[in-house]
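Just below is one structure, and these are the notes that go with it.
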Amino acid sequence: MGQYNYKKTEKKWAEKWVRDKTFTPDLSGAKNPYYALFMFPYPSAEGLHIGNFYAFTCVDVMAKYKKLQGFDVFEPIGFDAFGLHSENYALTIGETPRKMLRRTEENFRKQLKMAGLGCDWTREVDTANPNYYKWTQWIFTKLFERGLAVRKESLVHWCPGCKTVLADEQIENGVCERCGSISEKKKMKQWFFKITDYAQRILDGLNEMDWSEITKAAQKNWIGRSEGAIIKFEVQPPNIDTSAQFGEVEPQYIEVFTTRPDTLFGVTYFVLSPEHNLVRQFTTDEQREEVEKYIKDTASKSDLDRMESKEKTGVFTGAYVINPVNNEKIPVWVADYVLMGYGTGAIMAVPAHDERDWEFAKKYDLPIKKVVEPPALLRIPRNIEDIAAGAKEEIKIEAEYWSAEGVNINSEFLNGLATDEAKKKMTEWLKEKNLGRANINYKLRDWCISRQRYWGPPIPVIYCEKCGIVSVPEKDLPVLLPDLEKEWEPAGDGKGPLSKVDSFVKTECPKCGKPAKRETDVMDNFLDSAWYYYRYLSPENGEEIFDKKIGDKWLPVDFYVGGNEHAVLHLMYTRFITMLLRDLDVVDFDNPFKRFRANGMILKDGKKMSKSKGNVVNPEEYGEKVGYDALKSYLLFLGPFEENRSFSDEGILGTMRWVDKIYRLKDKVKESAKDGNKVLRNLHKTIKRVSEDFEGQKYNTAIARLMEMTNVLSAADEISRDTWLKFLALTAPFLPALAEEMWERAGNKSSIFGHKNWPEYDLGFVREDEFELVVQVNGKLRGSITAPRGINEKEAEKKVRAEEKFKKYLENRIIKKTIFVKNRLINFVIDK
RNA sequence: GCUCGGGUGGCGGAAUUGGUAUACGCGCACGACUUAAAAUCGUGUCCCGCAAGGGAUGCGGGUUCAAAUCCCGCCCCAAGCACCA
């Protein structure tokens, strides 16, 4: 007998698996590849977080299931070492990132190995390794060659905490996603990747992808496609030179983007964003003082301030534009509710049919001209009480004006047309007159990849007075990041720490050989992590980004799991980079992950975990307390893995007991034992259901089935060796250490994961020859009887009628109809 | 405001996709073993009712022989985006 010693057993197997390379596949020789991937961890000093650990587990059980099925499974591991997360922590403890990482990575390895994950430890990848970032830089140069990496001046987010610019995706609600500082908007010259060139392709790809809906929705939202028109407005006075604005616009015109060209007759004023580079030219002398003050005021506001102030503000510029459709003179205002980053940074305002314009017009007493009549029923109060509500309802009706679509009025040639028709006709009219054109606009903006920091791959670019911007040739890559012991901290002056390292800055132009200077910013960490799963396939390869022969076999990744907080960060960037690799003929697909699932959050007793609340679940601690097998199974058992689930200290006792219960079963296993029908039926049913659950990633119900089977085996007097081994294989993905131990004690010499040990079910046992026939009268349950499988309607009815308990429902009744569902139920429809 | 999930026992959650609602686990109660406790095993556990029976899947309606599941209208919770023209 004895007590199960999970600590000893789990340690024994964790070490043995690594030593024996149980989970190290032969990448080039594999016949049946299955690539299981979890998100690239960064080796945080705090150690393994339960959320990551959980996501890893979701991948790991699938990997083990596939391994047991005979697949060659690759479940790689590496470290996202470069980047703000590591560097910021190094700053707080006053150590260089490299030194710190040596320690934290070691800790991370130890933790992951102890947890019994089936990782391949022989192909580790590290983004801070020159052998890796050479290829990160190579990707940059390829983008550069294609005109997809450009240096341009733009309004960017500046994080005063991290002392660097950041990409739009790295700002959440106006705040830095890394350090929580309020972001500032600055006009700066930075390096951008033109992800917007791929907006449509990224959007279109979503339709075909087997990814969590929530992730696809987030990407779709972020890309924010809208269809509309660009409309040109003539400028008054005509001496404003607009040629600097957009290349293709001849002077005297300014462009707007609108989704409602059908409302052009309703335009009563015009607005420029305060950051618009023509504002000053538009402003007349009388208005100059006021406009300058307004621009200054809004510039000092962060995005967060702007979001918080509900009240709209603005100033008249003194200038006018001409409405192309009716030659009306329209006043031009500056207002910060118009954003420079969207459309053209200018709008035509239609207060009658746009909520924001309506608010603004009300405040500044601008005219409101109605040009769309909403369908009549929209304006009829829904019930009498609403009329009684009086004033409130009036506001409601007013509100229904703006957004409503309907039929055009006061619009000359559009009168009587429905919104869709009117849009089309107006766009055509504008195009004919060369005053506008149909246009698709995206919210997505180019990816700003410059970071004024130390801990990242240097941007491989050289500035030469003669040759201009030159990218570093492939043969000279990598551009090594100098090992700085001092002064690697960010200065906050808009320049990276490398700008102070003379030996780094000074170089020669690769084209003309003259003295030149290196770019001193480093690249965004999200570029490092955008391609790591390609590198796993051949981490040592010095010739190419990865071994394509191996890639052909293993890519795209079969199964990927991670948090949805990366939906518009890593997961979108990596799709973009994959599209680039495809255009370079490196890969032959757009979507790198055949199946991606966003795992839900683990809550503690229904609440979000946080250090300040002191309710953080530490995997290492629970691994000690209840064992990793029990911990991992519990996390999966909590509920569907895409939803949030609540962890509780009592709940975990359940899986811990389950482990012990299985351990105790071993004493019932007898070579001579013959299983009863009940056990055999349950075994085969369990094989079937657990296999199906795995295919649909329904780990919670798979565990429930296995617990059920455990209960059946507990009730049996003895268990045959055959059934026992099959049962162990079924539990092995969830309880790998226990299963291995029991497997070994049952006399097996090699690992349970070493061969195709997943059992097959026998339909003969799954299909029982009797079933419970449900008896309903008028759809109400009246009981059930045991009936032979395959019984037909007539026989079933006869059998039911013979049964005493149903007589009172059926005697002397006229049966109008009988519904018979084979092998399930019979329902008699009678008069009441 | 828009987009996307979700609302089922005391709790986490099942439900063959329209066919016995509440599987599995936690908790609780009782019993067995024990000098005792822990562990373990067994029994019970949606509500009303002695029973026959009736009622329950956020609320209100509909479709159907039959609805947690499909349709319409509302309420609530969570996530993401958010002055996106």
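The values are calculated or read from the model by the stated rules, or taken from the named source; none is laboratory data. Keep in mind that what you see is a predicted model, and the values were worked out from it rather than measured. Quick reminder, even Gly has a Cβ in these numbers, built from the backbone with ideal geometry, and neighbours come from all protein chains shown. All accessible areas refer to the heavy atoms of the entire protein, side chains included, with ligands and DNA or RNA removed. Shrake-Rupley method; radii C 1.70, N 1.55, O 1.52, S 1.80 Å.
Brief remarks on what is shown
- Between the alpha-carbon centres of segment A:734-795 and segment A:309-378 there is a gap of 67 Å.
- Per-residue accessible area (protein heavy atoms, 1.4 Å probe) orders A:Ile814, A:Ile50 as A:Ile814, A:Ile50, starting from the largest.
- Across segment A:1-46, counting alpha-carbon atoms alone, Rg and Dmax equal 16.1, 46 Å.
- Scalar couplings 3J(HN,Hα) for segment A:756-763, obtained by applying the Karplus form with A = 6.51, B = -1.76, C = 1.60 to θ = phi - 60°, are 6, 9, 5, x, 9, 9, 9, 3 Hz; x denotes Gly and Pro.
- Sequence ranges A:619-631, A:291-303, ranked by mean other-Cβ count within 10 angstrom, highest first: A:619-631, A:291-303
- Amide H to amide H distances under 5 Å link A:Gly78 with A:Val125, where only residues 5 or more positions off or on other chains count and H is placed in the peptide plane.
- Relative contact order computed over chain A (Cα-Cα under 8 Å; 6+ residues apart), in percent: 15
- The charge dipole of segment A:128-221, taken about its Cα centre with unit charges on the Cβ atoms of Lys, Arg (+1), Asp and Glu (-1) only, comes to about 600 debye.
- Per-q log10 I(q)/I(0), segment A:604-756, q = 0.21 Å⁻¹ (Debye; single scatterer per alpha-carbon; no solvent): -1.39
- Contour minus Cα-Cα distance for A:Glu359 and A:Lys613 (0.36 nm per residue): 87.2 nm
- 15 Å reach of a label modelled at A:Tyr342, 7 Å along Cα-to-Cβ, counting backbone N of segment A:167-185: A:173-174
- Expressed to the nearest 5 percent, the antiparallel share of DSSP beta bridges inside chain A is 70 percent.
- In the assembled protein chains, A:Lys185 presents an accessible area of approximately 70 Å² (probe radius 1.4 Å).
- Computed over every Cα-Cα pair of segment A:649-729 and binned at 5 Å starting from 0, the pair-distance distribution P(r) comes out as 3, 14, 26, 24, 18, 10, 4, 1, 0 percent.
- Of A:Thr710, A:Thr701, the order by accessible heavy-atom surface (1.4 Å probe, DNA, RNA and ligands excluded), from most exposed downward, is A:Thr701, A:Thr710.
- Distance between segment A:33-49 and segment A:559-614 - C-alpha centres, whole angstrom: 12
- Cut-off under 5 Å, modelled amide H: who pairs with A:Phe734 long-range: none
- Sequence ranges A:742-748, A:129-135, ranked by mean other-Cβ count within 10 angstrom, highest first: A:129-135, A:742-748
- Accessible carbon and sulfur surface of chain A relative to its total accessible area, %, 1.4 Å: 48
- Note, ³J(HN,Hα) from phi for segment A:77-86, Karplus 6.51, -1.76, 1.60, rounded to Hz, x at Gly and Pro: 9, x, 10, 8, 7, 5, x, 4, 4, 5
- Helical content of chain A, expressed as a calculated mean residue ellipticity at 222 nm, amounts to -11000 deg cm²/dmol (DSSP H runs of 4 or more residues, -39,500 (n - 2.57) each, divided by residue number, nearest 500).
- If you take the alpha carbon atoms of segment A:509-618 and fit the smallest convex hull around them, that volume is 187 Å³ per residue.
- Rh by Kirkwood over Cα pairs, then Stokes-Einstein D for chain A at 1.306 mPa s and 10 °C, µm²/s: 50
- Full extension of the chain segment joining A:Glu213 with A:Lys756 gains 192.1 nm, where the gain is 0.36 nm per residue of separation less the Cα-Cα distance.
- Computed from the C-beta positions of A:Asp476 and A:Asp204 and an R0 of 45 Å, the FRET efficiency is 0.75 to the nearest 0.05.
- What separates the Cα centres of segment A:441-456 and segment A:677-730 is a distance of 51 Å.
- Dipole of chain A, positive direction: furthest Cα of A:Ala491, A:Ser300, A:His276, with charges on the beta-carbon: A:Ala491
- In segment A:787-832, the convex hull through the Cα atoms has an average projected area of 3.2 nm², a quarter of its surface area.
- Distance between the modelled labels on A:Arg813 and A:Ile93, one decimal in nanometres: 7.5 nm (7 Å Cα→Cβ projection).
- Solvent-accessible area per residue for chain A (1.4 angstrom probe, square angstrom): 45
- Each residue, A:Arg657 and A:Met601, gets one label point 7 Å from its Cα in the Cβ direction; the gap between the two is 3.0 nm.
- Ellipsoid equivalent to segment A:1-144 - semi-axes via the Cα gyration tensor, in Å: 29, 23, 12
- Cβ-based net charge around A:Val669, under 13 Å, with every Lys or Arg adding one and every Asp or Glu removing one: +2
- Of the listed residues A:Val321, A:Val712, the order by accessible area with a 1.4 Å probe, largest first, is A:Val712, A:Val321.
- Taking the Cα centre of chain A as origin and assigning +1 to Lys and Arg Cβ atoms and -1 to Asp and Glu Cβ atoms, the resulting dipole is close to 2840 debye.
- In nm, spacing of pseudo-spin labels at A:Glu543 and A:Glu15 (7 Å Cα→C-beta vector): 4.0
- In this structure, the pairs whose alpha-carbon distance is over 19 Å, taken from A:Lys21/A:Lys749; A:Lys625/A:Lys661; A:Lys8/A:Lys625; A:Lys301/A:Lys443; A:Lys611/A:Lys632, are A:Lys301/A:Lys443; A:Lys611/A:Lys632.
- For A:Glu772, solvent-accessible area (1.4 Å; no DNA, RNA or ligand), Å²: 100
- Residue-span extension gain [A:Leu781 to A:Asp502] - 0.36 nm each, minus C-alpha spacing: 91.9 nm
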